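Quick notes on the structure that follows.
Please treat every number below as a calculation from the coordinates, not as lab data. Bear in mind that the values here come from a model prediction, so they are computed numbers and not experimental data. Positions of Cβ are generated from backbone atoms using ideal geometry, with glycine treated the same way; all protein chains shown enter the neighbour counts.
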Amino acid sequence: MDGQPLANAYLEFIQSGTRPAYGKTDSSGNYTLEYTASQTGAVPGEYKVKINTGDEANLGLDGEMVPAVKETVPSKYNSETTLTFTVVDGESNVANFELDSAGTIEQPDVGEDEN
């Protein structure tokens, strides 16, 4: 984002009629999509792509509340995404996205009472 790798970002490739493929960037902004627990990549076709860094507050595996993580990616790349990518069968598909930080950023639910 803004010319720098975006670490720890979640990517979701969404295509009508099939399950989404997911990935998470490493510290260099690289990622590999997972289609199922044992299958990487995505089926061929046109995808809407969502990218975010935020996460809602939720219960962890130990039953303790995990706090929300602040979103740093503008809505135009997640809840109101304008990003698309076409996966072509038999080709090496590399999806790089040039993101800029300008725009509205929606924050996830922090899980706190409003009282």
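Remarks
- When you restrict to C-alpha pairs under 8 Å that are six or more residues apart and normalise by the size of the chain, the relative contact order lands at 25 percent.
- Gaussian network model of the chain, Cα within-10 Å springs - most flexible of GLU46, GLU98, GLU56: GLU98
- A dipole drawn for the chain from +1 and -1 charges on Cβ atoms has a positive end, and of LEU11, THR72, ALA95 the residue lying farthest that way is ALA95.
- Among GLU12, GLU64, GLU34: highest mean-square fluctuation, GNM of the chain, C-alpha pairs under 10 Å: GLU64
- Nitroxide proxy distance, nm - points 7 Å out along Cα→Cβ at ASN93 and LEU59: 3.6
- Convex hull volume per residue, computed on the Cα atoms of segment 1-54, equals 94 Å³.
- Note on the chain: GNM, Cα springs under 10 Å; of SER75, SER101, SER38, the largest mean-square fluctuation is that of SER38.
- Overall dimensions of segment 10-87 by Cα: Rg and Dmax, Å: 13.9, 40
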